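Encoded as structure tokens, the structure appears first; notes follow it.
The values are calculated or read from the model by the stated rules, or taken from the named source; none is laboratory data. In this text, all values refer to a predicted model and were calculated from it rather than measured experimentally. Positions of Cβ are generated from backbone atoms using ideal geometry, with glycine treated the same way; all protein chains shown enter the neighbour counts. Quick note on the areas: whole protein, heavy atoms, side chains included, nothing else; ligands and nucleic acids left out. Shrake-Rupley method; radii C 1.70, N 1.55, O 1.52, S 1.80 Å.
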Amino acid sequence: MRAMVFDGTSSALQLRDLPLPEPGPGQVRLRVEACGVCRTDLHVVDGDLTEPKVPLIPGHEIVGRVEALGEGAQVPPGSRVGVPWLGHTCGRCRYCRMGRENLCDAPGFTGYTLNGGFAEYCVADTDYVFELPEDKDPVALAPLLCAGLIGYRSFRMAGDVQRLGLYGFGAAAHILAQVARHRGIEILAFTRDGDTAAQDFARRLGAVWAGGSSETPTDELDAAIIFAPVGELVPRALRAVRKGGRVVCGGIHMSDIPAFPYRDLWQEREIRSVANLTRADGEAFFPLAVEAGVTTETVPYDLADANRALDDLRCGRLQGAAVLLP
């Protein structure tokens, strides 16, 4: 099979011919139909996440068809499934026993500690894949596997809100904006200063206000979710939320948060982080995405163009989500 491989020495992936992966007990081999390109993939190849499996096939927004079954696997051959970031948990640590598998002490992460979907084929544990609709475009489905799921988990953490600020209007925010609008929640979009294209995009998806991240809207936010990996946005968002409001950091990596005065946090404001996802998140999110009529804005790339897709994401040249097509 063809695969784009990260060897740990350079951020540039290498196109290689590799043997087909064989599914182990409880696993399936998938023929990859599409794989989204996530900012987490960028954090892996740019060295922000420091403990990847090497060599590594990145990619954790995988849509594929079941082609081969390992011992004990019960998924029907030919069926379409999705493979997310959370690829395995131990089931034994205190977090797994508490129902917080996203915090597992011995997890496996697709495209980080487990080979992912920047390839023509991949293997996955059947306990951690999601059934996906047969009649939908696989390119449109791919961003839901992480951008959608992490956006949804961040949304749940924001609490009961009527005015929600989204800092960074990329793959996750453009999906979440549609879910929030379906729930009757006002969305305010904060982009890079001067990025009028992203601001127009946000308004097109229902944002009642869109502007630069240095701007302050006239009315206070009930909560803010920060998807951009920029630590200096945390104190800005704190100053934009009301008393008792909450700031949710929705990424796996962020630059350092600068010092800020205690008065910005005072009056029971909160800062929370989101870590990974659970299978229950998928069970709740996918039906909601259908109910809300979520559509994804995607830019397709050939598998061999993965480096260009990553660079377009790195430089902010994308609206919506990049998706690789093997």
query = Of Arg279, Arg29, Arg156, which has the largest mean-square fluctuation in a 10 Å C-alpha GNM of the chain?
reply = Arg156
request  = Under 19 Å from a label point 7 Å along Cα→Cβ of Glu268: give me every residue in the stretch 198-230 with its amide N that close.
outcome  = 220-224
key: Solvent-accessible area per residue for the chain (1.4 angstrom probe, square angstrom)   = 43
task = Given the options Thr89, Thr50, Thr298, state which has the largest fluctuation in a GNM of the chain using a 10 Å cut-off (strictly under) for Cα springs.
result = Thr50
query = What accessible surface, in Å², does a 1.4 Å probe find on Glu22, ignoring ligands, DNA and RNA and rounding to the nearest 10?
reply = 130
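Which net charge results for the neighbourhood of Val234, defined as the other residues with beta-carbon distances under 14 angstrom from its beta-carbon, given Lys and Arg at +1 and Asp and Glu at -1?
For residues surrounding Val234, the net value is +1.
Excluding Gly111 itself, calculate the net charge of residues whose Cβ lies under 11 Å from the Cβ of Gly111, where each Lys or Arg counts +1 and each Asp or Glu counts -1.
-1
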query = Rounded, prolate or oblate: which fits the stretch 139-243 when a ≥ b ≥ c are the square roots of the eigenvalues of the alpha-carbon gyration tensor, with rounded for a/c under 1.5 and prolate only if a/b beats b/c?
reply = rounded
message = Starting from 0.36 nm per residue, how many nanometres of slack lie between Cys315 and Leu288 once their C-alpha separation is accounted for?
response = 6.6 nm
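Could you work out the helix-only [θ] at 222 nm for the chain, with each DSSP H run of four or more residues adding -39,500 (n - 2.57) and the total divided by the number of residues, to the nearest 500 deg cm²/dmol?
Numbers: 9 runs with 78 residues, N = 326.
That comes out to -6500 deg cm²/dmol.
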request  = Can you tell me the 0 to 90 degree angle between the C-alpha axis of helix 171-182 and the longest principal axis of the chain, rounded to 10?
outcome  = 60
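Averaging sequence separations of C-alpha pairs under 8 Å and six or more residues apart, then dividing by the length of the stretch 1-96, give the relative contact order as a whole percent.
Values: 160 pairs, mean separation 27.8, N = 96.
Relative contact order comes out at 29 percent.
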task = With springs only between Cα atoms under 10 Å apart, run a GNM on the chain and tell me which of Ala228, Ala284, Ala198 wobbles the most.
result = Ala284
inquiry  = With an 8 Å Cα cut-off and a minimum separation of 6 or more residues, compute the relative contact order for the stretch 61-149 in percent.
reply    = 35
query = If Lys and Arg each add +1 and Asp and Glu each add -1, what is the summed charge of the other residues whose beta carbon sits under 9 Å from the beta carbon of Leu313?
reply = 0
task = Have a look at Phe169, Thr298, Met98 and report the one farthest towards the positive end of the charge dipole of the chain, computed about the Cα centre with Cβ charges (Lys/Arg +1, Asp/Glu -1).
result = Met98
request  = First check a/c for the stretch 60-195, with a ≥ b ≥ c the square roots of the eigenvalues of its C-alpha gyration tensor; if it is under 1.5, answer rounded, and if not, answer prolate when a/b is larger than b/c or oblate otherwise.
outcome  = prolate
ask   = Mind checking the dipole of the chain: about its Cα centre, +1 per Lys or Arg Cβ, -1 per Asp or Glu Cβ, Debye to the nearest 20?
value = 740
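Quick one: order Trp209, Trp266 from most to least accessible surface, probe 1.4 Å. Please list the in-between numbers first.
On the way: Trp209 65, Trp266 135 Å².
The ordering from most to least exposed comes out as Trp266, Trp209.
For a Förster distance of 41 Å, can you work out the FRET efficiency between the beta-carbons of Arg2 and Ala275, rounded to the nearest 0.05?
Details: r = 33 Å, r/R0 = 0.79.
Between Arg2 and Ala275 the formula returns 0.80.
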remark   = In degrees rounded to 10, the 0-90 angle between helix 147-158 Cα long axis and the longest Cα principal axis of the chain is 40
Contact order relative to length of the chain, as percent, for alpha carbon pairs under 8 angstrom and 6 or more apart = 19
ask   = Carbon and sulfur atoms: what percent of the 1.4 Å accessible area of the chain do they account for?
value = 48
